[in-house]
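This report concerns only the one structure given below.
The values are calculated or read from the model by the stated rules, or taken from the named source; none is laboratory data. Note that the coordinates shown come from a computational prediction; the quantities given were computed from them, not determined experimentally. Counting neighbours? That spans all protein chains shown, and the Cβs are built from the backbone with ideal geometry, glycine included.
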Amino acid sequence: MRSIDIHTHVLPPSLPRWSEKFGYGGFVRLEHVDECRANMVRDDGTPFRSVESKCWDPELRLREFSGVQVLSTVPVMFSYWARGEHAHEVARYLNDHIAGLCRDHPRRFVGLGTLPMQAPDLAVRELDRCMRELGLAGVQIGSHVNDWNLSDPALFPVFARAAELGAAVFVHPWDMMGQERMQKYWLPWLVGMPAEVSLAICSLIFGGVLERLPRLRIAFAHGGGAFPGTLGRIQHGFEARPDLCAVDNPYPPTKYLKRIYVDSLVHDARALRLVLDTFGAERVALGSDYPFALGESPPGALIESMGLPEDVLQRLRSGTALEWLGRELDLQ
């Protein structure tokens, strides 16, 4: 039986020159070095990262992983900083590409769209298109939207519509806090990313979003980031200072541990055991961050190495993912 990897990223083989079309900078282009390599470059010439052909070549992806891949864009492509209508156009281009891959390989790819979250009305419109026209399973969003944390009232209509449509929501860290103090040692990825995920979880809990939307199916990357390891502090803070923490939701953080999903991408057996103890296997799904360096290769290696009971393994390999996606898939 094939596994389901809920955390993989994909790009089209080419990207439009959006800066030239829209008349201002900040967008990313793809400069191919050869058949196997390309550079993601901001239009001012600043390099973002190098990627290999498995980031855009579906046949190579299919050969490297025999399971089902849940596809989402690279988070830098969110373009939340852009004008809403332009970010919407970027999202449509990326979503059409992912939908095409899923149509071509329906037994191997499941798609998540991206949304212009800085313009919630346009985000709702694109969410509807993703679910009703493109056949995607849901959407990937960032851990914040510019100055808005995910608890901001402006974003609530997007979450409400996702719950109404039965869309799976995957929250991925991006634009990490404190980057100006983390210029060396890859610290935004090592320190900032886990903090961003915890910020997103706490915002949705303390902001009452999960309380108000019991049908929302939402998952968080990187095993919930720093949240499992700091849950005791978060819970104690809620109890010690309700005047600061319980202003928008009177219920404690621990109430919501069975309401959210996380992936398994924590790179350490001790950390994964903590994640399993915190959320339960029924809330943890295989995630690899394929095809990037901070990902897990091969996907699911940590899960398979831990000597877990077969029923837990099946939850992590596919059972939890199927419930979060809200889909039946042929995994044979």
From the list A293, A285, A281, which one is of a type in the set (G, A, S), surrounded by 14 or more Cβ atoms within 10 Å (Cβ to Cβ) and under 18 Å from the mean Cα position of the chain (by Cα)? A285
List pairs: first residue in the range 156-170 and on the phi > 0 side of the Ramachandran plot, second residue among the small types (G, A, S) and not in a strand (DSSP E or B) anywhere in the structure, Cβ distance under 8 angstrom, at least six positions apart or on different chains. G166/G326
Only residues that are outside any helix (DSSP H, G or I) and either small (G, A, S) or more than 22 Å from H9 (Cβ to Cβ) (or both): list them for the range 282-323, please. A285, G287, S288, A293, G295, S297, G300, M306, G307, L308, P309
Within the range 169-186, residues part of a loop (DSSP other than H, G, I, E, B) and surrounded by fewer than 18 Cβ atoms within 10 Å (Cβ to Cβ) come out as M177, G178, M182, Q183, K184, Y185, W186
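Does M40 satisfy the condition of being at pLDDT below 95, within 20 Å of the chain's Cα centre (by Cα) and either in a helix (DSSP H, G or I) or crowded, with 16+ Cβ neighbours inside 10 Å (or both)?
Judged against the criteria, M40 is a match.
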Output the residue which, of all residues in the range 56-92 that are among the small types (G, A, S) and farther than 27 Å from G26 by Cα, is surrounded by the fewest Cβ atoms within 10 Å (Cβ to Cβ). S66
Just for the range 255-281: of the residues that are in a helix (DSSP H, G or I) and touching a Phe, Trp or Tyr at 6+ places or on another chain (Cβ under 9 Å), which one is nearest to H7 (Cα to Cα)? F279
Pairs under 6 Å by beta carbon, first residue touching a residue at least 24 places away in the same chain (Cβ under 8 Å) in the range 230-242, partner surrounded by 15 or more Cβ atoms within 10 Å (Cβ to Cβ) and hydroxyl-bearing (S, T, Y), six or more apart or different chains? none
State whether the residues of the range 88-108 include one that is among the small types (G, A, S), under 27 Å from G23 (Cα atoms), in a helix (DSSP H, G or I) and out of contact with any helix residue (DSSP H, G or I) (no Cβ under 7 Å at 6 or more places or on another chain). no
Kindly establish whether M193 is in contact with a His (Cβ under 9 Å, 6 or more places away or on another chain) and part of a loop (DSSP other than H, G, I, E, B). no
Yes/no for Y256 being closer than 22 Å to L231 by Cβ and aromatic (F, W, Y): yes
(1) within 19 Å of the chain's Cα centre (by Cα); (2) at pLDDT 95 or above; (3) surrounded by 15 or more Cβ atoms within 10 Å (Cβ to Cβ) all hold for L122 apart from (1)
Across the range 129-166, what is the number of residues that are in a strand (DSSP E or B) and either over 18 Å from the mean Cα position of the chain (by Cα) or surrounded by fewer than 16 Cβ atoms within 10 Å (Cβ to Cβ) (or both)? 0
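For every residue, the table says whether it meets (1) within 18 Å of N149 (Cβ to Cβ); (2) basic (K, R).
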position: A162; (1), (2): yes, no
position: L165; (1), (2): no, no
position: A168; (1), (2): no, no
position: P173; (1), (2): yes, no
position: K184; (1), (2): no, yes
position: L190; (1), (2): no, no
position: C202; (1), (2): yes, no
position: I205; (1), (2): yes, no
Condition broken by T8, with the remaining ones in (1) in a strand (DSSP E or B); (2) free of Cβ contacts under 8 Å to residues at least 60 places away in the same chain satisfied: (2)
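Do you know which residues across the range 22-62 are among the acidic types (D, E) and within 26 Å of F109 (Cβ to Cβ)?
E31, D34, E35, E52, D57, E59 - these are the residues of the range 22-62 that are among the acidic types (D, E) and within 26 Å of F109 (Cβ to Cβ).
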Please count how many residues of the range 259-284 are touching a residue at least 60 places away in the same chain (Cβ under 8 Å) and among the aromatic types (F, W, Y). 1
